[in-house]
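Okay, so here's the structure we're looking at.
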Amino acid sequence: MPKRALITGIAGQDGTYLTEMLLAKGYEVFGVLGPCPGAFADRMGQYEGRLHLIEADLTDMASVLAAVETSAPAEVYNFAAQSSVGQSWSDALTTTDINAVGVLRLLEAIRAAAPHARVFQASSAEMFGNAEESPQCETTPIRPESPYAIAKAYAFHLVAAYRKSYGLHASNGVMFNHESPLRSLDFVTRKITDGVARIKLGLMSELRLGNLDSRRDWGFAGDYVDAIWLMLQQDGPDDYVVASGEVHTVREFCEVAFSHVGLDYREHVVVDPAFFRPLDVNIQQGDASKARRVLGWSPKVGFSELVAMMVDADMERLG
């Protein structure tokens, strides 16, 4: 029998790339779509018979338990989340219910119905806040500075507690920023590449952004799901930082994206205070040496290649 996997948030960026990987490896995949499935079902049409879409809501315990019982998974990957730091300030209650308490519901369901399943929790570098050390690794102090980060920190510690107390094979992947053409338009990287394509095609003339000096560690989501899968193939569970190790500013991202289509970002980007966060993390840089050493993982797609890939995809979509 093929190995079974349950993926929450399956229609998102990470869920999509992981689903394609697992199906290529011969898995039978059960997926919880979430509220915005987009074109996921059409993209996965070729896998009919080995991909099963089921309904569940991390804010509803009965539905989470039913999803685990139905899928009877050997592996569980939790990507379901309210994923916007900015939105977490305007909707902190929902963010906490999904990103924090939702993980508790999922772990309880797994403990009850699939205690031998191996579990991945998508954690976030936002937990580190404005860290005093750089780059950040697995031992960097957790000092969250937004409702999103606080909820992710709760889930991170919860996974570790269930691992220790109940013997669950549960691992946290502390994910630094990872992008792709599948990234939601809510994220600044995709907002930039979509804007570049629209400006190049004459559909708009300016792109309004917030803090151009924010520095982030950006990698390709397709690379990062390789690390995610490798975590659950290890004999024991653990926590791993997944990052490129390189830092670039939002300004650099704009420069590379606009120059890829022969434009100067300075002629089109407008800094708008409305897009500044109440409290912003100035720099994030990950040290993924543990993942390299233990998992044998390393990213393959570089920064400029990633930006060009995203711009090209938006040019094709809009053109």
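The values are calculated or read from the model by the stated rules, or taken from the named source; none is laboratory data. Only a predicted model underlies this, so the values are computations on that prediction, with no experimental measurement involved. Please note: Cβ atoms are built from the backbone with ideal geometry, for glycine as well, and neighbour counts cover all protein chains shown.
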task: Output the residues belonging to segment 145-178 that are over 20 Å from Q87 (Cα atoms) and either β-branched (V, I, T) or in a strand (DSSP E or B) (or both).
output: V159, H169, A170, S171, N172, G173, V174
- request: Name every residue in segment 269-286 that is crowded, with 19+ Cβ neighbours inside 10 Å and out of contact with any Phe, Trp or Tyr (no Cβ under 7 Å at 6 or more places or on another chain), in order of residue number.
  value: V269, V281, Q285
query: Take the residues of segment 131-165 that are in contact (Cβ under 8 Å) with a residue 12 or more places away in the chain and basic (K, R): which is nearest to V103 (Cα to Cα)?
result: K152
task: Report yes if some residue within segment 97-117 is among the basic types (K, R), surrounded by fewer than 18 Cβ atoms within 10 Å (Cβ to Cβ) and within 21 Å of the chain's Cα centre (by Cα); otherwise report no.
output: no
task: Pull up segment 224-261, narrow it to residues that are farther than 24 Å from S134 by Cβ and without any contact (Cβ under 8 Å) to a residue 12 or more places away in the chain, then point me to the one that is surrounded by the fewest Cβ atoms within 10 Å (Cβ to Cβ).
output: D235
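Restricting to segment 29-47, what's the tally of residues that are surrounded by fewer than 20 Cβ atoms within 10 Å (Cβ to Cβ) and modelled with pLDDT of 95 or more?
Keep residues of segment 29-47 that are surrounded by fewer than 20 Cβ atoms within 10 Å (Cβ to Cβ), which gives 35-39, 41-43, 45-47.
Keeping just the survivors that are modelled with pLDDT of 95 or more gives none.
Of the residues in that region, 0 qualify.
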message: Going by what's in this entry, would E132 be described as over 24 Å from Q233 (Cα atoms), out of contact with any helix residue (DSSP H, G or I) (no Cβ under 6 Å at 6 or more places or on another chain) and of a type outside the set (A, V, I, L, M)?
response: yes
query: Checking D57 against (1) modelled with pLDDT of 95 or more; (2) in a strand (DSSP E or B), which single condition isn't satisfied?
result: (2)
Pairs where the first residue, in segment 188-216, is within 13 Å of E252 (Cα to Cα) and the second is buried (at least 17 other Cβ atoms within 10 Å of the Cβ) and small (G, A, S), C-beta under 7 Å, 6+ apart: I192/A257; T193/A257
